[in-house]
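Heads up, the thing below is written out as structure tokens.
Values quoted throughout were computed directly from the atomic coordinates according to the rules given, and no laboratory measurement underlies them. It should be emphasised that the depicted structure is a prediction, and the values quoted were computed from it without experimental measurement. Heads up, the Cβs are rebuilt from the backbone with ideal geometry, glycines too, and the neighbour counts pull from every protein chain shown.
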Amino acid sequence: MPTGVALQDVRQQLFDAAERVLLQDGANGLTSRAVTTEAGVAKGVLHRHFEDFDAFLAELVQDRVARLAGQAATLRDSAGTGDVAGN
């Protein structure tokens with residue numbers, strides 16, 4: 001990717017790329033280079049937005065846990081309503 005190109009929601013783009021890498025290559029394949037390659041961004045982009053790869057991984061987990069918490073709340077709220085297929 002050329003330098004100077006504005007990226008939209010880079011953090012989410014990197015998180016989504018990491019999830020795809022995990023699904024395709026497993027935990028052993030999850031490296032900063034694999035994530036940036038999958039995201040289609042320059043290698044240094046990850047380190048401009050996160051202190052280091054460990055910080056990126058910690059925030060990735062927090063992001064995915066928050067997403068699951070929202071989905072769980074929706075499921076809890078639908079308990080006892082409608083039918084199984086609809087919920």
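A few remarks follow.
- Point-to-point label distance, Leu68-Thr31, nm (Cα→Cβ direction, 7 Å offset): 2.7 nm
- Max mean-square fluctuation residue, GNM over the chain, Cα-Cα springs under 10 Å, options Ala39, Ala58, Ala17: Ala58
- About the Cα centre, charge dipole magnitude for the chain (Lys/Arg +1, Asp/Glu -1 at Cβ), debye: 140 debye
- Angle between the chain longest axis and helix 10-25 axis [Cα atoms, degrees, rounded to 10]: 80 degrees
- From helices alone, the chain scores -20500 deg cm²/dmol at 222 nm; the rule is -39500 (n - 2.57) for each run of n ≥ 4 DSSP H residues, then divide by the residue total.
- Between Gln24, Ala55, Ala69, the Cα set farthest toward the positive side of the dipole of region 1-78 (charges on each charged residue's Cβ, about the Cα centre) is that of Gln24.
- Cut-off 17 Å (backbone N to label point 7 Å along Cα→Cβ of Gln8), residues of region 23-55: 39-41
- Here the simple spin-label model places points 7 Å from the Cα toward Cβ, and for Ala85 and Arg20 these points are separated by 3.4 nm.
- Pair-distance profile P(r), taking every C-alpha pair of the chain, with 5 angstrom steps and integer %: 3, 13, 21, 19, 13, 9, 8, 7, 5, 2, 0
- Among the GluC sites (Glu not before Pro) in region 15-87, those placed in a DSSP loop whose Cβ has at most 11 other Cβ atoms within 10 Å are Glu51.
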